[in-house]
Amino acid sequence: RIMAKSVVLSELAKKYQDISKFYNFLALGSNEMSEGQGVSLLSVHASKGLEFDQVFIVDLAQNRFPNLKLMSMGGSLEEERRLFYVAVTRAKDELYLSYAKYDKIKKVTYQPSRFLIEAGMAQEEA
């Protein structure tokens, strides 16, 4: 499996002459959007400045977005709120927001993100 993965990485690296650009591609995803039909899977950071007809934002559960780990390491709620705003404003026509209420593997129940509750799109469950 490692050999197969190294072949894939080698093929991806061929189009980059600068290692820092290749690293950015791996870490953030490509900024080169192809024309036509297709799906782009992007982080909120990588989506800045872009717009799409349809946008799906997933994992909008409390302590996941806003991200509890990032906030405990010095991140701020306002920065997370700004990122949420960036995410929802990427949609031109349709916006889909979702979160999992229950993780069967971890056996964890999730509440909706405080951002969904504040926007009146969800209610905290008892």
Applying the selection to the stretch 84-107, what residues are surrounded by fewer than 12 Cβ atoms within 10 Å (Cβ to Cβ) and of a type in the set (A, V, I, L, M)? ILE105
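Within the stretch 108-122, take every residue that is among the polar types (S, T, N, Q) and farther than 29 Å from ASP53 by Cβ and give me the one that is surrounded by the fewest Cβ atoms within 10 Å (Cβ to Cβ). Step through it out loud before you land on a result.
Residues of the stretch 108-122 that are among the polar types (S, T, N, Q), as a first pass: 109, 111, 113.
The next check asks that each one be farther than 29 Å from ASP53 by Cβ; those that pass are 109, 111.
Values: THR109: 11, GLN111: 16.
Residue satisfying both the conditions and the ranking: THR109.
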Would you say SER72 is small (Gly, Ala, Ser) and either in contact with an Asp or Glu (Cβ under 6 Å, 6 or more places away or on another chain) or under 30 Å from GLN37 (Cα atoms) (or both)? no
Take LYS92 and tell me if it is out of contact with any His (no Cβ under 6 Å at 6 or more places or on another chain) and without any contact (Cβ under 8 Å) to a residue 40 or more places away in the chain. no
For MET3, are the conditions met, namely being surrounded by fewer than 11 Cβ atoms within 10 Å (Cβ to Cβ), in a helix (DSSP H, G or I) and hydrophobic (A, V, I, L, M, F, W, C)? yes
Failed condition for GLY29, given (1) modelled with pLDDT of 95 or more; (2) more than 30 Å from ALA126 (Cα to Cα); (3) under 14 Å from the mean Cα position of the chain (by Cα), with all others met? (1)
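The values are calculated or read from the model by the stated rules, or taken from the named source; none is laboratory data. Owing to the predicted nature of the structure, the values given are computational and were not obtained by experimental measurement. Quick reminder, even Gly has a Cβ in these numbers, built from the backbone with ideal geometry, and neighbours come from all protein chains shown.
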